[in-house]
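A short worksheet on the structure shown next.
Each value in this text was obtained by applying a stated rule to the coordinates, not by laboratory testing. The structure displayed is predicted, hence computed values, not measured ones. Virtual Cβ from ideal backbone geometry, glycine too; neighbours counted across all protein chains shown.
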2 protein chains.
Amino acid sequence: MSTWQLARRCARMNPSIIREILKLTERSGVLSMAGGVPSADTFPVTAIAAACDKVLTEAPREALQYAASEGYMPLREWVAAQLQRTQSMAVKPEQVLITTGSQQGLDLVGKALIDAGTPVAVESPTYLGALQAFAPYEPAFAALDGDDDGPLPEAMRALPSSAPGTRFAYLLPNFQNPTGLVLPRVRREALVHAARAAAVPLVEDNPYGDLWFDEPTPPALASWWPEGVVYLGSFSKVLTPGFRLGYVVAPAELGPKLLQAKQASDLHTPIFNQRVVYEVIRNGFLDQHVPTIRARYRAQRDAMEAALRRHMPVGTAWRTPRGGMFFWLRLPEGLDAMPLLERAVAAGVAFVPGAPFFARPPDPRALRLSFVTLSPEQIERGIALLGGVLHEAVGAVAAS
Amino acid sequence: MSTWQLARRCARMNPSIIREILKLTERSGVLSMAGGVPSADTFPVTAIAAACDKVLTEAPREALQYAASEGYMPLREWVAAQLQRTQSMAVKPEQVLITTGSQQGLDLVGKALIDAGTPVAVESPTYLGALQAFAPYEPAFAALDGDDDGPLPEAMRALPSSAPGTRFAYLLPNFQNPTGLVLPRVRREALVHAARAAAVPLVEDNPYGDLWFDEPTPPALASWWPEGVVYLGSFSKVLTPGFRLGYVVAPAELGPKLLQAKQASDLHTPIFNQRVVYEVIRNGFLDQHVPTIRARYRAQRDAMEAALRRHMPVGTAWRTPRGGMFFWLRLPEGLDAMPLLERAVAAGVAFVPGAPFFARPPDPRALRLSFVTLSPEQIERGIALLGGVLHEAVGAVAAS
């Protein structure tokens, strides 16, 4: 007999399939396109080291002490100003809650808004980490139908009848994980209009928005409906994920409950980390730094695009991402990405099968490739290896 | 009409009364004994600065990248060895989960173990932050009767009938917040025995255990019942709370669910912070450092003890804490700490009323005083001011 009785919600909590896959792919020699991590070459080590030193010299007692749950006010002010500038959002610093990574923002949103059995609308596929953050609060996931421009406004408008009582719709408008797609401006406006009409508030997650290659992304959904959107941002992709710094911008109505959830969860985000990051970015550092990340990732995207054209079997489909970190492939008919992973790893290359990202029956032909952690030469070699595995599999399907 | 519908659990989430009180007491000139924070004079700034530099020089790519949800393995190994040494616990590094402060450990425990309506047994008074961490999971708090040696074993043994289905009992055996009391060794053994008999597992929280003044604390409850106790520890009181580093040691049975809850909550604890702290402590730093904190706090404890004897009105009761950070006072009959706070602040001194710490009808005469953030001279002055306010209040009671 066990002493411990688990909460019912534990049945909804499972080992991350992707983390299991990543373990498999960490074998040395494997060219991994499986990770969802930024390139370590983009971390501004010197600037961070200087900022650590400055903070510990100028404000050691404050940087090492307990701090406010809301976050470090100068950083909150910076976020508010930045969102005005890049996302056309009118945000007061008081609306900004600094979180321990953007993932915590998802957990806090789930804690404050989801009751067991209530619907939460998601794209399908969507960010696996969001499904994992929401799942312990036992929602009923409702998948929004979509096309290449994102979720369909009519699917949003239908939620009151298709999923009555939907607490919110979770959307990633920019270079979505895993698909890499961007919602065009007209689709954004139509979706916000539909969500308002359906009285379904939105949770807008934007970890990749700054990583555009050709042109800035359209304004945030929150810019059109400030009181109906919770907006999540992150420093993980433009500075460092190792500091775990993200933020939530909440309508005034919701702010206090997210703050109380934050207090209950970890009292506050490490104040040392907040002060160091503020010290790094306060004088426009990101205006110089982010373009270097864009240029690097764009070249890697180009390398992967070229390699895919060279090596993928006929019938493989993708849309070229215009930013972010991922290609999303659909394999030729008859193939199943999951069992192919093991063969790919044996051949020396790794990807993430698409299945875990779906809130509804998955597309077994889908897979995700990250282009940001390998050099253009490694990308060419890796995609060639993957092409070999796929050509062989296509041959087997044809022969069967 | 509001767009947002809050989860039912939000009714259980409230602004922290203590944080509101702390705002009141932050007025300059007020001698505050209200905070629950360590002395900033104890932060090893030089060692932390050197460690930041070392980590960013030797392993910048790893320290700034995403990392394992379990935590940094060398730090987990250190924790396991340390608990063996100081708590008589046999712990495998694999059982150690690094958390974003010990507060997160409480949240994860709540997430994994509490269903709405299920009882959770607590001391009364107990750590307010634990009540806040557990509350969103909607437990029914069951207060354990106790005496000056801690909760009564018979109260533990009675749980199956007094609070059937109790998921766990939450205990702070060392220099409890807020009472400052230590469970004697015999009480520990009796409580573990009773908990086993009642099949009620324990959550043991030990943020203050290293801060003993006269003699080390008895072994951890977990040392007698490894498979029935989740143990929580922290670096906040011996190094710095600003890094938000704590840990949970879980029985093998429970580990995977706490890990999945951790992944869902914030992916992982900042790896930079973990590596820096490991760098600081790896070569025995705490063996030199913690005794300096003990000596400092002991002198402050002595100063407050002397000042209390000098200035408290007859009928004020306390037990001298033998470690930790707090005195817990019971005011003379007829006094109520809550309304007295405003008069104390007006007089230039602040404390925390005891009421918020109770899971059942509070003792209005209780209040908590921290002795660690003021100098002995400030303590004398502050307690003298408090004595003035109390003498006046006692006089008013006598005259009425």
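Legend: P(r) of the protein assembly as shown from all alpha carbon pair distances, 10 Å bins from 0, whole percents, reading 3, 13, 22, 25, 19, 11, 5, 2, 0, 0, 0.
Under a Gaussian network description of chain B, with springs only between Cα atoms under 10 Å, the residue in B:D266, B:D147, B:D115 that fluctuates furthest is B:D147.
Taking the protein assembly as shown as a whole, the Cys residues whose C-beta sits 4.7 Å or farther from every other Cys C-beta are A:C10, B:C10. Among the GluC sites (Glu not before Pro) within the range B:293-400, those in coil by DSSP and having at most 13 neighbouring Cβ atoms inside 10 Å are B:E333. Relative to the other identical copies, A:V314 shows label-point distances of 10.5 nm, where the label point lies 7 Å from Cα along the Cβ direction and values run shortest first. Estimated at 0.36 nm per residue, the fully extended path between A:E94 and A:Q288 surpasses their Cα-Cα distance by 67.1 nm.
For A:Q84 and B:D149, FRET efficiency with R0 = 56 Å and r from the beta-carbon atoms, rounded to 0.05?
0.45
Quick one: net charge around B:L211, please, counting Lys, Arg +1 and Asp, Glu -1 for every other residue with C-beta under 15 Å from its C-beta.
Local net charge: -1.
I'd like the mean, over residues of A:41-51, of how many other protein chain beta carbons sit within 10 Å of each residue's own Cβ. Please report the intermediate quantities before stating the final value.
Numbers: counts 1, 1, 6, 2, 6, 2, 0, 6, 6, 1, 1.
For this peptide, the per-residue mean of nearby foreign Cβ atoms is 3.
Which residue fluctuates the most in chain B, going by a Gaussian network model with Cα springs under 10 Å, if the choices are B:G129, B:G233, B:G246? Comparing B:G129, B:G233, B:G246 in the GNM, the peak value goes to B:G129. Counting from the shortest, the label point at A:E253, 7 Å from Cα toward Cβ, is 4.5 nm from the same position in each remaining copy. Here r is the Cβ-Cβ distance between B:V45 and B:A11 and R0 is 41 Å; the resulting FRET efficiency, rounded to 0.05, is 0.45. Just how far, in whole angstrom, is the range B:314-370 from the range A:184-260 if you go by their alpha carbon centroids? Using only Cα atoms, the two centres lie 45 Å from each other. For A:A59 and B:S161, a Förster radius of 56 Å and the Cβ-Cβ distance give a FRET efficiency of 0.55, rounded to the nearest 0.05.
Over all distinct Cα-Cα pairs of chain B, the Kirkwood formula returns a hydrodynamic radius of 22.1 Å. Take every pair of alpha-carbon atoms less than 8 Å apart whose residues are at least six positions apart; their mean separation over the length of chain B yields a relative contact order of 22 percent.
Annotation: the antiparallel percentage among DSSP beta bridges lying fully within chain A is about 55.
Solvent-free Debye calculation, one equal scatterer per alpha-carbon of the range B:46-282: log10 I(q)/I(0) at 0.08, 0.09, 0.12 Å⁻¹ equals -0.29, -0.36, -0.64.
In a Gaussian network model over chain A where Cα atoms closer than 10 Å are linked, find which of A:N14, A:N273, A:N206 has the largest mean-square fluctuation. Per the Cα network of chain A with a 10 Å cutoff, A:N14 tops the list.
Membrane-span-like helices of chain B, defined as complete DSSP H segments with a Cα extent of 18 Å or more along the helix axis and a mean Kyte hydropathy of at least -0.5, are identified as B:45-58, B:185-198, B:376-399. Counting only residues at least eight positions apart within a chain, or on another chain, the lysines with an alpha carbon under 23 Å from that of A:K111 are A:K257, A:K262, B:K111, B:K257, B:K262. Between copies, the label points at B:P219 (set 7 angstrom from Cα along Cα-to-Cβ) are spaced 6.6 nm, reported in nanometres from shortest to longest. In terms of distances greater than 32 angstrom between alpha carbons, the cross-link table entries A:K237/B:K23; A:K54/A:K92; A:K92/B:K237 yield A:K237/B:K23; A:K92/B:K237.
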